[in-house]
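The values are calculated or read from the model by the stated rules, or taken from the named source; none is laboratory data. Computed from a prediction, not measured in an experiment: that's the story for all the values here. Every residue, glycine among them, receives a Cβ derived from its backbone with ideal geometry; neighbour counts consider all protein chains shown.
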Amino acid sequence: MADDRPQWLRTALPWQAPGAFDPDVVLLTEAALARSLWAFPFPDRASEVERRTILGEVVRGLEGNAELATGNWLKLEEVSLPLRCCLQEKGLITLAVAHQPLGAGLILEPALGRAVVVNEEDHLRIKAWRGGFAAPGAVAAALELESVLDGRLEFAFSEEIGYLTACPTRVGTGLRLTSLLHLPGLVMAGEIGRIVNALRQLQFAVRGLAGRSGSVRGCLFLISNLVTLGRSEDEAVEDYALHVGKIIHHERTARDQLYDGDPVAMEDLAHRSLATCRHARLMTLQEGFDLLSNLRLGHGLGILPDVRLEDLNRLLVFQQGGHLSLSCPENLQGKELMAARAALFREILSVPGP
């Protein structure tokens, strides 16, 4: 099949290779630094001319940076909607920017591990990703990139409270840490509601992979810090690691209890899901997420040791509609899209040859 996506868009993101820390529970960790410019109103209040001027200012601020000079510089309003949907499915831009890209930009370093998003909610979002539970590494990478811009751009900063941002919950350090966690043990044990409520009382945001709609797919949850005022980046990382680390521990305990309580049922779930992935001819998006969840759980419990987390991470992104549609010469819909998804699962999870 023809594939109309640019090569870099077809490339797996660095986090899709399992990280060194807790990859069975944490797929990725993102650090995002919000920064705004003194001379311009926030993007939601800026005019068309101002938004494009902001983009130009950021581009000039990044000129001469060796890593970004050979990267991918995109004016998102000049990128087709299907390609913007792929960027959103990869987690590089928000759904709002994908559909309203006026004056927005995306600057990706060649290795695709860091990016600068322009005119999202703030003038800049400086992002870095790491596989697994790796908050310190992600924050260090984002701060390193921010240092390139610091001094070349005049960030809105108050000596009293820190960086000024469009969203009040980012004022201070502007640092938002987000981890994508797979929590099937807590879901199956009926404990997820209690955990989510406890996190929210501790001022953490918890949402499903679908984002603000709250939809949960494949037992995947995004957990983010909400406190950025009155603490340093190191303090934020320490607090985040403490509480997310507790969730990881609770999840592993729940998995072990489920397996000890009925090992045959857990083995059946894992092997039946793998057989479906290897032989299905039609598959919905929700089914794809659910099957990937079962395979990831089976791998974590040692039931499916030959299933690679790297393959599951790739499927998590590439099974989505935008990626599938652009991988084919025609716009897929309905059963054609379901058939393409099933074919992708069969290709990646096929029985290894001799």
Exercise. Of the residues that sit in region 182-197 and are closer than 23 Å to G132 by Cβ and in a helix (DSSP H, G or I), which one is farthest from the chain's Cα centre (by Cα)?
Worked result: M188
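This table checks each residue for (1) in contact with a Cys (Cβ under 7 Å, 6 or more places away or on another chain); (2) closer than 28 Å to V139 by Cβ; (3) aliphatic (A, V, I, L, M).
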residue: F221; (1), (2), (3): no, yes, no
residue: S224; (1), (2), (3): no, yes, no
residue: E238; (1), (2), (3): no, yes, no
residue: I247; (1), (2), (3): no, yes, yes
residue: G261; (1), (2), (3): no, no, no
Problem set entry | From the options L92, L87, L112, residue that is aliphatic (A, V, I, L, M), touching a residue at least 24 places away in the same chain (Cβ under 8 Å), outside any loop (DSSP other than H, G, I, E, B) and within 27 Å of G19 (Cα to Cα) | L87
Problem set entry | Selection count where residues are closer than 23 Å to L242 by Cβ and surrounded by fewer than 17 Cβ atoms within 10 Å (Cβ to Cβ), scope region 144-189 | 1
Problem set entry | Scope region 115-132; condition within 16 Å of the chain's Cα centre (by Cα) and either under 21 Å from L81 (Cβ atoms) or in contact (Cβ under 8 Å) with a residue 60 or more places away in the chain (or both); matching residues | A115, V117, E120, R125, I126, K127, A128, W129, R130, G131, G132
For this session: Please tell me if A275 is modelled with pLDDT of 95 or more and either surrounded by fewer than 18 Cβ atoms within 10 Å (Cβ to Cβ) or among the polar types (S, T, N, Q) (or both).
Result: yes
For this session: Just name the residue that is surrounded by the most Cβ atoms within 10 Å (Cβ to Cβ) out of those in region 95-109 that are assigned to a helix (DSSP H, G or I) and out of contact with any strand residue (DSSP E or B) (no Cβ under 8 Å at 6 or more places or on another chain).
Result: A98
Exercise. Just wondering, is there one or more residues in region 270-293 that are in contact with a Cys (Cβ under 6 Å, 6 or more places away or on another chain) and either assigned to a loop (DSSP other than H, G, I, E, B) or over 16 Å from R346 (Cβ atoms) (or both)?
Worked result: yes
Exercise. Do we have A280 as over 20 Å from the mean Cα position of the chain (by Cα), among the small types (G, A, S), exposed (fewer than 14 other Cβ atoms within 10 Å of the Cβ) and modelled with pLDDT of 95 or more here?
Worked result: no
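Just to be sure, is L337 at pLDDT below 95, touching a Gly at 6+ places or on another chain (Cβ under 8 Å), on the phi < 0 side of the Ramachandran plot and outside any loop (DSSP other than H, G, I, E, B)?
So L337 fits the description; yes.
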Exercise. Of (1) small (G, A, S); (2) over 18 Å from L13 (Cβ atoms); (3) modelled with pLDDT under 85, G71 satisfies all except one. Which?
Worked result: (2)
